[in-house]
Amino acid sequence: MTAQQVPDFDPDDPVEIMRVLPARYHGQFLAEYDEAAASARRPEHYHLLHDLLRLWRLRAIAYSDPDFEARLRAVSRGASDGTPAEEIIPGWAEKVAAARRR
């Protein structure tokens with residue numbers, strides 16, 4: 001019998017993201033993943049795939065929280081201050097500007 005190496009856990013692995021992500025978001029994730037993976041064929045765009053996986057990992061964590069929908073509704077009603085994305089996501093302004101240019 002031979003020992004087989006156990007792969008390192010990678011939270012940004014698309015399979016792991018899909019495991020954590022609620023099913024209703026799978027289609028959106030896969031569409032964005034396919035687009036980023038196609039774009040990543042160019043070396044200068046590889047970082048876009050990496051960034052997308054990291055963002056979806058964080059979304060998967062948030063979306064799978066049982067209180068997520070209630071907190072989201074509270075923020076949209078103004079009943080909660082929340083935390084602005086630019087305060088917690090490095091380079092947020094640049095990411096927004098890049099998304100608007102697409």
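Within the stretch 84-96, track down each residue that is surrounded by 10 or more Cβ atoms within 10 Å (Cβ to Cβ) and either farther than 22 Å from TYR25 by Cα or not charged (D, E, K, R) (or both).
Across the stretch 84-96, the qualifying residues are ALA85, GLU86, ILE89, GLY91, TRP92, ALA93, VAL96.
Quickly run through the stretch 69-90 and pick out the residues that are assigned to a loop (DSSP other than H, G, I, E, B) and either modelled with pLDDT of 85 or more or of a type in the set (Ser, Thr, Tyr) (or both).
SER80, THR83
Just the residues that are in a helix (DSSP H, G or I), under 19 Å from LYS95 (Cβ atoms) and either among the aliphatic types (A, V, I, L, M) or in contact (Cβ under 8 Å) with a residue 60 or more places away in the chain (or both), please, taken from the stretch 26-42.
Correct list: ALA31, ALA36, ALA37.
When the stretch 1-25 is examined, which residues are found to be in a helix (DSSP H, G or I) and surrounded by 13 or more Cβ atoms within 10 Å (Cβ to Cβ)?
Scanning the stretch 1-25 gives PRO14, GLU16, ILE17, MET18, VAL20, TYR25.
I need every pair where a residue in the stretch 43-66 that is in contact (Cβ under 8 Å) with a residue 60 or more places away in the chain and surrounded by 13 or more Cβ atoms within 10 Å (Cβ to Cβ) has its Cβ under 6 Å from the Cβ of a residue that is aliphatic (A, V, I, L, M) and part of a helix (DSSP H, G or I), sequence separation at least 6 or different chains.
Within 6 Å, no pair qualifies.
The values are calculated or read from the model by the stated rules, or taken from the named source; none is laboratory data. None of these values were measured; they are calculated from a predicted model. Note that we place each Cβ from the backbone using ideal geometry, even for glycine, and neighbour counts take in every protein chain shown.
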